[in-house]
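Here the structure is laid out as structure tokens; the discussion comes afterwards.
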Amino acid sequence: METMIMKNVEEPTMKQKMADILVAISWREVSRTYFGKSASWLYHKMDGIDGNGGKGGFTPEEAQQLKGALCDLSDRLRRAADSI
């Protein structure tokens, strides 16, 4: 008879998902420009912490907003590169 052991597999934090670009972007500016929030708010969200210090991270709407911000930044970078 087999015994199955189930493990809780946690989804990576947004910070882990952004590891490749983490130091290349001013997250302070992203937070201000696209969310109207402080840098610490965004850093906590990236670490999966809600505003009260508990587990939380991004809501689905905030995650979509971050995705849009990154897409906007990539468009702006492409236009700048194309102008060279």
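Condition check: touching a residue at least 40 places away in the same chain (Cβ under 8 Å) and either of a type in the set (A, V, I, L, M, F, W, C) or not in a helix (DSSP H, G or I) (or both). Does Ala80 satisfy that? Give the derivation first.
On the way: touching a residue at least 40 places away in the same chain (Cβ under 8 Å): no; either of a type in the set (A, V, I, L, M, F, W, C) or not in a helix (DSSP H, G or I) (or both): yes.
It is false that Ala80 is touching a residue at least 40 places away in the same chain (Cβ under 8 Å) and either of a type in the set (A, V, I, L, M, F, W, C) or not in a helix (DSSP H, G or I) (or both).
What are the residues in the stretch 25-55 that are within 11 Å of Met14 (Cα to Cα) and loosely packed, with under 15 Cβ neighbours inside 10 Å, if any? Even if it seems obvious, please write down each step before you answer.
So the first thing to find is which residues in the stretch 25-55 are within 11 Å of Met14 (Cα to Cα), and the list is 42-49.
Passing the criteria: Tyr43, Asp47.
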Filtering the stretch 56-69 down to residues that are at pLDDT 90 or above and surrounded by 15 or more Cβ atoms within 10 Å (Cβ to Cβ), which residue is farthest from Pro12 (Cα to Cα)? Ala69
Given the criterion farther than 13 Å from Ala63 by Cα and modelled with pLDDT under 90, identify the matching residue among Gly36, Gly53. Gly53
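The values are calculated or read from the model by the stated rules, or taken from the named source; none is laboratory data. Keep in mind that this is a model prediction, so the values were computed, not measured. In this analysis, Cβ positions are derived from the backbone assuming ideal geometry, glycine residues included, and neighbour counts consider all displayed protein chains.
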